[in-house]
Amino acid sequence: MHEFAQQIVSGLATGSIFASVALALVLIYRSMGVINFAQGEMAMFTTFIAWQLIQMGMPVWAAFATTIVIAFLGAVALERTVIRPVERASQLTVVIVTLGLLIVFNGLAGLFWGYVIKSFPSPFPSAPIDIAGVSFNSQDIGIIVVSLAALGLISLFFAKTKVGLAMRAAALYPDQSRVLGIRVSWMLALGWGLAAAVGAISGIMVAPVVFLDPNMMQGIVVYAFAGAVLGGIESPLGAVIGGLVLGVALNLLGAYVDFIGTDLRLPVAFLIIVVVLLVRPAGLLGRVHVKRV
Amino acid sequence: MVKSTKTAVGIAALAAFALSTVAVTPVRADDGVTPTEIVIGGTDPFSGPASAYSSIGKGSAAYFQYVNDHGGVNGRKITYKNLDDSYSPPQTVQLTRQLVEDDKVFAIFGSLGTGPNTAIRPYLNQKGVPQLFIASGASKWGNEVAQYPWTIGWEPDYESEAVIYARNILKEKPNSKIAIIYQNDDFGNDYLRGLTRGLGSHASMIVKQASYEVTDPDVSSQIASLKASGADTLMIFATPKFAIQSMVATAQQGWKPQIYLSNVSISEAIMHAATKVGGADATNGIISTQFVKDPGDPKNANDPGYKLYKEIMDKYIPTGTLSDGNYLVGMAFAYTMVDVLQRCGKDVTRANVMKMADSLNEVNPFAYPGILVSTSATNHFPMTSAALVRYDNGRFIPTGALIDARAIIKAEK
Amino acid sequence: MKTNRLVLFGVVAIVIAIFPAFVPSYVSFEFTYVAAYAIAILGLIVLTGKNGQISLGHGAFLAIGGYTVAILATKAGVPFWIGIPLAGIVSGIIGIGIGLVALRLEGVYLALATFAMAVSVPSLLKRFTDLTGGSGGLVLDPVTPPSWLPIDSERFFYYVAWAIAGVLIVFTAVLLEGRVGRALRAIRDNEVAASSFGVNPYFYKTLAFSWSAVYAGIAGALAAIPTAFVSPDTYNFNLSVTVLIGAVLGGLESLWGALLGALVIEFLPLWAQKINAAAPSVVYGVALIAVMLTMPGGIAGGLIRLFHRREPKADARAVGPVVAVPVQHSSE
């Protein structure tokens, strides 16, 4: 019983990692209708930038803030140069370009900073917390809180601000939006920037737990995708909830279902993605779309 | 038009067959050796998931540069061609063939990885190209010496390391209940096998084992399961990142087992990181083994081997992390390579190099004091001993005499 | 026009046939992998280029092919000339299963699902240790050419691989020219319209998936045999990405893309190492993006445009905006 509670709590902690990355994924999807396969690597790369700034003497919080800004601007620039030419091309082309970015960012990170794992200072105080024998860390709570806060801000942004509305319009109805005077191209760039900023935040939160190296996001990104799909790939709230649920589910399955054990987590994530997409593509919280024929 | 094209193709194909029957020139025994140069080659994962280990190859390269700057080996400079195989066996196979047949290397040295080296082993043995000082702790390099005499490892293998731990447990706490967390690959499985073997009839002491994948974000779930088993001893057969996570999670979950830790994860940086997040309890009392000097241990500051290491790092890898033990391991391999080449004297042929590799009795400046690198034609375990050490307030302290694990295994046969 | 193509094919065939005589055996060895990759890419051209389904997970079928031939050889002594076709068949059967699931997924969702599939392959391979040898993998015996053929094993297998590739290329070309090809392309361009013309999308889409799986399975076997070793590490996500990249860089429009793409993925990493041994992937990724930005039809597409300075065929829209965009299916 005690172990059970621990598995759930640990699952929430791991799930919060998935949730924060899933949030960035959903942002890109909402603003562009494409899945950015490079999201994890971009987050990792910006985390390295933060690390570098700290190494160069910048105070930790200043480094974090600067990194988020750099991530935003960098992603906007990236979208303008690399994505924009293929904005109107096929899905396949965009997928390939994001795959290319994945490879480039991973390689650059390795080139600049090497592959030895590095410690990364946590933005949260790291205090072990023990409640009735179930232990976790204040860091884990911090990740959930920040993810929820980011989620709240993003939801507000999309629902209540003019720019947010314009972004949603640009993603769903690009042609009509242009007619209405919305600079669709710039909305996409903005979407990228925001997603990268959220990605930078998730990287900063996650690196203290999983340690910083160019490959740190590769496992996480699959689970983040699964969490996002589970929760609803168009829903930021779904992303967070999906990530948390996935974390818990994987832990429980791993600990109590012998057949699955701890080594079949990735296949389970894959199954979840497939089953959800087949049965209820909108995920738990997404809106169901009706395809007009 | 079409008909004559067909005929042309047919003739061309026949001609191709005829031409390709020209026998391939067999590889000459002194490829890669000139009066001024010895060319050796190897593969390392500079990119891809295993890239953290590429520091080993870099350490070796730095040592060779040092040797070259001090006159080389019997007047010859060592050229070390180190290629990136991304830890992918098909790449390793192609690159190794390229090194042997195009770059005409004298020997393959220090290639990294159990899978990659397994893939190239038959080819190299068939061609009579020495496969020297493999960077992998698998026991097969030594176990299969009869079948593959041109292949030789270097580091004490994981299996025998686990045997040392098993012996220690049987001696110190024969009623233990053992839990194991291990990486789900060759590395982890070798340890598992060694532990089970070392415990022998007492293998039932293992009450629970949990594996992790390198794609897992953390191992808190595994630790929770292992803790719930009621075990009082925990084996951490993990690579650095997961070792830190294991130590931290164990401490945070309020579990205080006797921990045995794989010696790939004991560098000062790793122990320090674990202590910082998990507290002193996370690391105090951890038992492991050492076979090379720990560059992060202050007591080594005046050791000549350490000083050599530092000198080489400062000059050739100034941006490298000094406390990353992998560079030092790479230099240790390279020292043995140079030793073997040196002892060849004037007869720098593959057969002779192999003979020298089969008759090592070397004091390696980078090795743990007292551990010899020694081999014979039937013994391709160059390093069979290790020192059992215990972590005490920031340093690993030796707990007794060196233990020869292979002797234990042999005695049981 | 058609004669030109035949002549070009003939010339290339001759070059491939006499090539081993002029190069050292390790180069023939490397070109054997080119044949294997070409076959895998051929499958992706059918699936993605001609039928519009994106798969990021074809490494799974390469794994099935490689492991099938390895398991048959090591556990049952099956010689590779039986093992290779069996590898294709097993892979094809599993491809049908996956293809049926893929019917309900489109565009980016399919990409995502196949991406997850690719990532889980190593875990699955490691789980069934008795069959697959677990993380240690399986070691195969080296290829021995028949004793009556005075040729070394590297060159012998080079010819085996290229013979199979040649047959498959011709077979694919013939099928794509005919009804099957038209059906696939029709479905790609507008599934609803195609079905109203009597083309059954379920059948053809599943067929395309299975077909590409067969090819990938054969390719996996052809790559595993010269390596003489299979292990879970070989079949990670990178492999799926690499094959898809080869297909896109080579060009999805034309079957020549298979050859060009295979050459790129075999040799670009080797060349990139010479520029900077530590970061071949950066060069790789940049090259990929650059080609996508400047020549979306891939290298083959670029070359075709160069030599045919007139209206590109309808096929050129293979990479045009015709693949379904999920976001636009909303109720109004």
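The numbers here are math on the coordinates, done by the rules we state, and not lab data. A quick note: this is a predicted structure, and the numbers were derived from the prediction, not measured. Cβ coordinates were reconstructed from backbone atoms using ideal geometry, including for glycine residues, and neighbour counts include every protein chain displayed.
Worth a mention:
- Label point distance in nm, residue C:167-residue C:6, each placed 7 Å from Cα along Cα→Cβ: 2.2 nm
- Relative contact order (%) - criterion: Cα under 8 Å, at least six apart; region: segment C:150-254: 18 percent
- Nearest-ten-degree value, helix C:107-127 long axis tilted from longest Cα axis of chain C: 20 degrees
- On the beta carbon distance between residue C:153 and residue B:143, with R0 = 25 Å, the FRET formula returns roughly 0.40.
- Residues residue B:126 and residue B:170, FRET efficiency given R0 of 45 Å [Cβ-Cβ distance, rounded to 0.05]: 0.60
- Residue B:111 long-range amide H proximity, modeled H, under 5 Å: B:43, B:135
- Sequence-separation-based contact order of chain A, relative, with Cα cut under 8 Å and 6+ spacing, percent: 35 percent
- Too-long pairs where the Cα-Cα distance tops 26 Å, listed order kept, from B:81/B:346; B:140/B:346; B:177/B:299; B:293/B:355; B:127/B:346; B:256/B:276: B:140/B:346; B:177/B:299; B:293/B:355
- Averaging the sequence gap over all C-alpha pairs within less than 8 Å and six or more residues apart, then dividing by the number of residues, gives chain B a relative contact order of 16 percent.
- Taking amide H as placed 1.01 Å from N in the peptide plane, the amide H of residue C:229 sits under 5 Å from that of C:140, each at least 5 places away or on another chain.
- Coupling constants for segment B:263-268 follow from the phi torsions by the Karplus curve (6.51 cos²θ - 1.76 cosθ + 1.60, θ = phi - 60°), and in residue order they are 6, 7, 10, 10, 5, 4 Hz; glycine and proline get x.
- Take every DSSP beta bridge whose two residues both sit in chain B; close to 40 percent of them are antiparallel.
- Residue range of chain A that is longest and free of trypsin sites (Lys or Arg not before Pro) which are both DSSP loop and sparsely packed (at most 13 other C-beta within 10 Å): A:184-286
- Within a Gaussian network of chain C (alpha carbon springs, distance under 10 Å), most fluctuating of C:245, C:187, C:289: C:289
- Sorted largest first, extent of the protein assembly as shown alpha carbons per principal axis (Å): 83, 78, 51
- Here segment C:161-229 and segment A:89-136 have alpha carbon centers that stand 37 Å from each other.
- Bridge orientation summary for the protein assembly as shown: considering DSSP beta bridges with both residues in this region, about 45 percent are antiparallel.
- Within a Gaussian network of chain C (alpha carbon springs, distance under 10 Å), most fluctuating of C:266, C:177, C:30: C:177
- With contributions of -39500 (n - 2.57) from each DSSP H run of at least four residues, the per-residue ellipticity at 222 nm computed over chain B stands at -13500 deg cm²/dmol.
- Estimated 222 nm signal from helices in chain A, with DSSP H stretches of n ≥ 4 weighted -39500 (n - 2.57), rounded to 500: -24500 deg cm²/dmol
- Between A:58, A:216, A:167, the GNM of chain A built on Cα springs shorter than 10 angstrom shows A:58 fluctuating the most.
- Dividing the summed -39500 (n - 2.57) terms of all DSSP H runs of n ≥ 4 by the residue count of chain C sets its mean residue ellipticity at 222 nm at -23500 deg cm²/dmol.
- In segment A:221-265, the chymotrypsin sites (Phe, Trp or Tyr not before Pro) that fall in loop regions by DSSP, at most 11 other Cβ within 10 Å: A:259
- Calculated FRET value between residue B:276 and residue A:256, using beta carbons and R₀ = 35 Å, to 0.05: 0.60
- Compared with the dominant principal axis of the Cα atoms in chain C, helix C:25-44 is inclined by about 30°.
- Loop-located chymotrypsin sites (Phe, Trp or Tyr not before Pro) in segment C:120-184 (DSSP state other than H, G, I, E, B) with a sparse environment of at most 10 neighbouring Cβ atoms within 10 Å: C:148.
- Close amide H pairs (under 5 Å, H built 1.01 Å from N) link residue B:234 with B:179, B:258, B:259, B:260, residues at least 5 positions away or on another chain.
- Whole-Hz ³J(HN,Hα) from phi, Karplus 6.51 cos²θ - 1.76 cosθ + 1.60, for segment A:228-243, glycine and proline x: 5, 5, 4, x, x, 5, 9, 10, x, 5, x, 4, 5, 5, x, x
- Multiplying the residue separation of residue A:84 and residue A:165 by 0.36 nm and removing their Cα-Cα distance gives an extension gain of 27.1 nm.
- Backbone HN-Hα couplings from phi across segment A:101-107 [Karplus 6.51/-1.76/1.60, Hz, Gly and Pro as x]: 5, 4, 5, 5, 5, 4, x
- Panel note: the C-alpha atoms of segment C:3-245, placed on their principal axes, show extents of 57, 51, 27 Å (largest first).
- Helix B:158-172 and the longest principal axis of the Cα set of chain B meet at an angle near 20°.
- Among the trypsin sites (Lys or Arg not before Pro) within segment C:80-142, those in coil by DSSP and having at most 16 neighbouring Cβ atoms inside 10 Å are C:104.
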